[in-house]
Each structure stands twice: as C-alpha cells, then as structure tokens.
Amino acid sequence: MISEEEQKTSKIPVWDLPDVPKGKLPPHLELQRTRVLCTFDAPTHTENIRYSGAYASMGVDNSLRLEDFRNNFKVEVIKLTEDDMEFDMIGIDAAIANAFRRILIAELPTMAIEKVFIANNTSVVQDEVLAHRLGLIPLKVDPRLFNYMSENDEPNERNTIVFKLHVRCERGSPRIKVKSNELKWLPNGSEFIRSTEKSTADSTSKTKTYTSFSCGQDSLPEFSDNPIAPKHDDIIIAKLGPGQEIELEAHAVKGMGKTHAKWSPVATAWYRMLPEVVLLQEIEDERAEELVKKCPVNVFDIEDIGKGRKRATVARPRSCTLCRECIRGDDWDKLVALRRVKDHFIFTIESTGALPPEVLFTEAVKILEDKCERVITELS
Amino acid sequence: MEHGSFQDQSQATFSLTDEDHTLANSLRYTLNQDPRVTFCGYSIPHPSDARVNIRVQTTVDPAREVLKDSCQDLMLICQHVRGTFDQAFTEFKSKKGLESMSIEP
Ligand code: SF4
C-alpha cells in the first residue's frame, strides 16, 4: 500500500527527492508506473511503461522475470453462472489481457447457420432478412466436435448441422409467432432433393440431397443423448399472418467471429481496471456528509471516531464508475484521488451458450499459445 | 518472412501473415521486457492485409533468436495463466458447492 506521505503527486525538484533504496523507484514514479490517475479533466499516465531499460539510469530494472510473474499473478473468480462469469486477473499486462479479450470475441470458433435453403416463404420477412436472422441464433453445440468446411468440401456429418423449419399459419386463425424452437434438428442431413442436370431415371443409388452424411449425427456418441438445438427456445424469427408459410432448411457450419459476428461465442467479453479511491486528507463532519452524498454509487461511508466526530472512509471502491462527481467543485480534487490499478483487471465474459465461460477462457489462452508456437516453428 | 541484413543479424523485421494486434501487441510487450532488446515495435501496413510487421533491434544477439525467446516467454505466461485460472475456478466451484449444500434443508 502507498502511504499518505507518498500520495502527494506534486512535482519535486530532482535534488530534493528523498533517498530511496537501490532497486526501487521513488514513490511518485512508482505511482505513475502502476496507476492511471483520473484527474478532473482527463486521465493521465495511462500508458504502460514496458521497456525494460526505462529506469536504467536510476538503477531500476523494469524487465519482468518469469519467476516474478509466476509469484505475483493471481486469479479470483467473483461470479459464476451458467453463461456469465466475472473474475479478477491480477498482475498481468494490458497487452496480454487484451489479447485474451480479442481472441474471445473474434477467434474462438462456434457453429452458426450459414446457408439457408428456402423452399417457400410467403411471410412479410424477405428471404435475405430471414436468413440473416437465422444466422444470429445461438446454437447449443460444442464446436470442438466439428471441423471447418472449406470451399470444396462436401457437407458431411462432421462439418454441418441441418435444421428444418416448416410453419404455416392457417387461414382464419390469428397471426402466429415463429420462434426458434421451431428449428428442428435433422440428424440425417438435408431432406431437400438436389435437382441434378441429368435427372435421368437410371440413377442407381439413393437420391442426392444437399448434404452427404455417411451416418446420422444422433448415432454419434457425443449427440445421442444431447440433441442439438438453439440455445434459447423463444427467439422470434418471424410473424405469420393467416395463409402465410415458411418452409426452409438451415445449414450451420463452423466459423470464427472475425468472419462474421454470428460466430462469436461471447455476447461480449470485456475488462476494466480496478478503481482505487484514496482520501488524501482526513475528511470530517459536514464535509464527510457532503462527500457521501456526492457519490451516486455509494462508494463512501462514514465512521465514528468518537467525541461525536465523523470521518469519511472509502468502503466500496470497486463499484466506483469514475464519474468524477466527487472531485468536482472547489478543491475537492485535493482531497480525493481517483485512480485505476494498471495490472488489475476485472474481466467479464458473457457466453452466448455454446460453451460455458470458463471453457471459453481456457480455449482463448490456448489459442494464444498456438499462435506463439506457430511463430516459433516458422522461425526455426 | 524475415527481412534483415546478413552482416548484422541483430536487427530485423519479421512479417507475420494472418496475425493482428492480438499477437503483435503481446509480443511487443514480451520483447520489451527482454533486456537484450534495444528497440521493438510493430505495424500493420494495410488494414485489409492480414499481416503485421514486427521490428526487433537488439544489442548483439540475433533478432530471430530473441523473438523466438519472446514467443517462448509468452507461451509460458499463457500456460501459467491457464493453470492459475483453472485452480481458481475449481476452488470457487468447491466453495460454492459447500455453500449450496449448507443452504439445502
Ligand atoms: S468517481 Fe463517481 S463513483 Fe467514483 S467515488 Fe467519485 S463520485 Fe463515486
């Protein structure tokens, strides 16, 4: 912890600097290195000083030894539900935390509907809009069980999932909603017959459809007791008036978020740095009351220090939104300092349902490892 | 992919295809942490080209080896992150499991 004395960030002439033990930075530089200072006009010292020799002239080694990293790195899970997860990652650089975030959003594969064969669509939703809407429906299926389908691959049971949707609204009945639970999994592949150029009657084998499955997907052990379906049953796909009908087949394939956001396995993944609220001076009595009132998210509390006197304390810095309300007005910024800890990340992952969030994160880390390995092999 | 001179192997530019800020920025970080590196940086020459150029200048060591070591470092960091995460996760799970058990009548 940084003591009161060290928290003064005012500029000091270099010859007045206190003596610091060798191998340590003077407090004001240490503060600039490890914290973003959120002053009332703008955040300052936002950059990370990464160069190993940045403080060489002061005899301070800024390089990171793997050993130190191992000793200091911490993860703490804060919240975990089926699809959401919040955890703290402490002691890592933003470059790497951001790499994980970018991979989660753009480079983890999932399955999503890519091709839609429309046999009949008399609804008001145009074919292309309907196809786009279908693509965005999250599917509850582990993408690791499937292969990518490349340009000249035949769709087979290992790279394609086929759904059927056939709904009609009878004449005389009220309008109906078509929801995602109408998407029925076809484990044996497409049922639409492919019209070949030579549609001669001598075609010996079975009729050709749009997929060539060699076996039913429901006979595979992974899916036999775990049928494939959309993650949510109640996503509205279209609305049908009397007499309208939709009949189509949707083919889902494996892809990545950087091709199209429908393949992104997360609704979003983000991090924020831990806020740090520091009282630079004792704030007592009326001023303390005033401070508590200023904060819209109740960061401050009041404690009794005896003799009928009260003092403000920082009780919940984590919920600070950095709205800067508490440092507005006359000289409040001399009493309260708002900072962010540069190497403490509050990471949140919201999965769309294909994989649980903790699996997503480990997969993301693995992908970064694979990237490194690729570079190493290319260089050797 | 390496562009540098044969006389002086301590400085080179590496051109990585199919990579972006994700890898390049992390590598820049690990490179910068290496005391042998005097300068490093990366650029993406054109946004619609999937390619990054990483520039490495070292004191004496061959830039190629230093970049390889940085990749190795990054990999070790990742492995440690994964290990720590898994551990924290199982800890949280078991704690949660105990709590939910005690709530049950
Ligand atoms: S910045 Fe806003 S949220 Fe944070 S402590 Fe000040 S008033 Fe509260």
Query raised in the report: Is it the case that A:ASP301 is among the acidic types (Asp, Glu), more than 12 Å from the ligand (Cβ to nearest atom) and open to solvent by 40 Å² or more (accessible area, probe 1.4 Å)?
Result: no
Requested in this report: Quick one: which residue in B:ALA50, B:ALA24, B:ALA12 is over 17 Å from the mean Cα position of the chain (by Cα) and within 10 Å of chain A (Cβ to nearest Cβ)?
Outcome: B:ALA50
Report summary line: Conditions (1) surrounded by fewer than 21 Cβ atoms within 10 Å (Cβ to Cβ); (2) part of a strand (DSSP E or B); (3) within 12 Å of the ligand (Cβ to nearest atom) -> A:TYR271 fails only (3)
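Answer yes or no as to whether A:LYS239 is at pLDDT below 85 and either within 30 Å of A:ASP142 (Cβ to Cβ) or open to solvent by 80 Å² or more (accessible area, probe 1.4 Å) (or both).
Against the criterion (at pLDDT below 85 and either within 30 Å of A:ASP142 (Cβ to Cβ) or open to solvent by 80 Å² or more (accessible area, probe 1.4 Å) (or both)), A:LYS239 does not qualify.
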Query - strands (runs of 3 or more DSSP E) contained entirely in region A:32-110, each with at least 3 residues that are at pLDDT 90 or above, facing another protein chain (nearest Cβ under 10 Å) and under 16 Å from A:LEU274 (Cβ atoms) - result: A:74-80, A:84-90
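Identify the residue in region A:284-297 that is more than 8 Å from the ligand (Cβ to nearest atom) and either without any contact (Cβ under 8 Å) to a residue 12 or more places away in the chain or not charged (D, E, K, R) (or both) and, among all such residues, is nearest to the other protein chains (Cβ to nearest Cβ). It would help to see each step written out before you state the result.
Let us first name the residues in region A:284-297 that are more than 8 Å from the ligand (Cβ to nearest atom), namely A:284-293.
From the residues that got through so far, the ones that are either without any contact (Cβ under 8 Å) to a residue 12 or more places away in the chain or not charged (D, E, K, R) (or both) too are A:286, A:288, A:290-293.
Working: A:GLU286: 42, A:ALA288: 36, A:GLU290: 39, A:LEU291: 35, A:VAL292: 32, A:LYS293: 36 Å.
The residue in question is A:VAL292.
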Query raised in the report: Which of the residues spanning region A:319-340 are near the ligand (Cβ under 10 Å from one of its atoms), at negative phi and open to solvent by 30 Å² or more (accessible area, probe 1.4 Å)?
Result: A:SER319, A:THR321, A:CYS323, A:GLU325, A:ARG328
Query raised in the report: If B:PRO35 passes every condition in (1) touching a residue at least 12 places away in the same chain (Cβ under 8 Å); (2) in contact with a Ser or Thr (Cβ under 6 Å, 6 or more places away or on another chain); (3) at the interface with another protein chain (Cβ under 9 Å from one of its Cβ atoms); (4) of a type outside the set (Phe, Trp, Tyr) but one, which one does it miss?
Result: (1)
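Of A:GLY306, A:GLY255, which residue is farther than 30 Å from A:THR211 by Cβ, surrounded by fewer than 21 Cβ atoms within 10 Å (Cβ to Cβ) and more than 16 Å from the ligand (Cβ to nearest atom)? Please lay out each step first, then the result.
Working: A:GLY255 fails: farther than 30 Å from A:THR211 by Cβ.
None of the others qualify; the one that does is A:GLY306.
Residue-by-condition table, conditions (1) under 19 Å from A:ILE228 (Cα atoms); (2) touching a Ser or Thr at 6+ places or on another chain (Cβ under 8 Å):
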{"site": "A:ASN120", "(1), (2)": "no, no"}
{"site": "A:LEU134", "(1), (2)": "yes, no"}
{"site": "A:PRO138", "(1), (2)": "yes, yes"}
{"site": "A:LEU165", "(1), (2)": "yes, no"}
{"site": "A:CYS169", "(1), (2)": "no, no"}
{"site": "A:ILE176", "(1), (2)": "no, no"}
Requested in this report: Please specify each residue of region A:341-379 satisfying the condition of being open to solvent by 30 Å² or more (accessible area, probe 1.4 Å), among the hydroxyl-bearing types (Ser, Thr, Tyr) and at the interface with another protein chain (Cβ under 7 Å from one of its Cβ atoms).
Outcome: none
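The values are calculated or read from the model by the stated rules, or taken from the named source; none is laboratory data. Predicted model only: the values in this text are computed from it and were never measured. We place every Cβ from the backbone using ideal geometry, glycine too, and count neighbours over all the protein chains shown. Ligands, DNA and RNA are excluded from the accessible area calculation, which covers all protein heavy atoms including side chains. Shrake-Rupley method; radii C 1.70, N 1.55, O 1.52, S 1.80 Å.
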